[in-house]
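Before any comments, here is the structure.
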Amino acid sequence: MRAFRVSSAERVAVGVAAVVMALVATANAERWEYRHELLASEPWRLLSGHLVHLNWQHAAINALALLIVARLFAPDLRGARQGVVMVASALFISVGLAMLYPKIGWYRGLSGVVHGLFFAGAAAWLAKSQPRTLRQLWLPLALLAGGWIKVLFEQPSGDALPHADWLGAAVVPQAHLIGAACGTVLGLAYACADRRHQEQRAEQQQW
């Protein structure tokens, strides 16, 4: 019987999910959430705002989504890269919200970062798939295109925040959009870097 193996990407995701679930048990989420007016004096909120949530349900859904996405794209994004994507997405989302949507005063949740990881994995998978045939490309293409359709269709007007009945609070689809953009760029960049590395190795072997 084959032993169950946990990839480095899954270990990173489990660590982040554990932090998310630990923080939801605290009563001081306000100290860590993204707050536009406090970013200059309390810059840790650029990252910590993505780790705190409104309630257990919110945290559990995002933690589970992270684990699923991390496992799905582990073959194309190893643990270190997934960690970089998550940190970069968190920072990019926070800065993007501050610059593009300054009327959004506060934000909590990992969903934007999960979107960043999903799009990074889908973009890398699509760019790296060989051979370049429809049979090989249709699934990553469907994930990437379907993801973008979902993100674009859920965007409200300007700084508006639609209310989610299941959450009992407003959601911030703008964070999903910014995370998707960041993840797509990073996924393509990683795929291009891998392709150049493979080409260099092939040239060296010829010599």
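The values are calculated or read from the model by the stated rules, or taken from the named source; none is laboratory data. Since the model is a prediction, treat every value here as computed from it, not as a measurement. Glycine also receives a Cβ, built like all others from the backbone with ideal geometry; neighbour counts cover every protein chain displayed.
Remarks
- Note on segment 156-207: residues that are over 23 Å from GLY96 (Cβ atoms), touching a residue at least 60 places away in the same chain (Cβ under 8 Å) and not in a helix (DSSP H, G or I) total 2.
- Search result, residues across segment 88-110 that are more than 13 Å from LEU177 (Cβ to Cβ) and part of a helix (DSSP H, G or I): ALA88, ALA90, LEU91, SER94, VAL95, ALA98, MET99
- Flag if ALA60 is free of Cβ contacts under 8 Å to residues at least 60 places away in the same chain, under 23 Å from VAL24 (Cα atoms), crowded, with 24+ Cβ neighbours inside 10 Å and not β-branched (Val, Ile, Thr): no
- Qualifying positions in segment 140-155 - surrounded by fewer than 14 Cβ atoms within 10 Å (Cβ to Cβ) and not in a loop (DSSP other than H, G, I, E, B): ALA142, ALA145, GLY146, ILE149, LYS150, LEU152, PHE153
- Against the conditions (1) farther than 27 Å from TRP148 by Cα; (2) assigned to a helix (DSSP H, G or I), LEU66 satisfies every one except (1).
- Residue within segment 31-39 that is out of contact with any strand residue (DSSP E or B) (no Cβ under 8 Å at 6 or more places or on another chain), at pLDDT below 95 and over 26 Å from GLN155 (Cα atoms) present: yes
- Segment 67-87, residues that are in contact with a helix residue (DSSP H, G or I) (Cβ under 6 Å, 6 or more places away or on another chain) and under 16 Å from ILE178 (Cα atoms): VAL85, MET86
- Among residues of segment 17-35 that are touching a residue at least 40 places away in the same chain (Cβ under 8 Å) and under 20 Å from VAL69 (Cβ atoms), those with a beta-carbon under 7 Å from a residue that is in a helix (DSSP H, G or I) and of a type outside the set (Ser, Thr, Tyr) at least six positions away or on a different chain give the pairs ALA17/ALA63; ALA17/LEU66; ALA17/LEU67; VAL20/ALA59; VAL20/ASN62; VAL20/ALA63; MET21/ALA59; MET21/ALA63.
- Within segment 111-137, being part of a loop (DSSP other than H, G, I, E, B) and of a type in the set (S, T, N, Q) holds for SER129, GLN130, THR133.
- Subset tally (residues that are in a helix (DSSP H, G or I) and either modelled with pLDDT of 95 or more or more than 23 Å from GLY96 (Cα to Cα) (or both)) for segment 47-58: 4
- Residue match in segment 169-191 (condition: modelled with pLDDT of 95 or more, under 17 Å from ASN62 (Cα atoms) and either in contact with a Cys (Cβ under 7 Å, 6 or more places away or on another chain) or surrounded by fewer than 23 Cβ atoms within 10 Å (Cβ to Cβ) (or both)): yes
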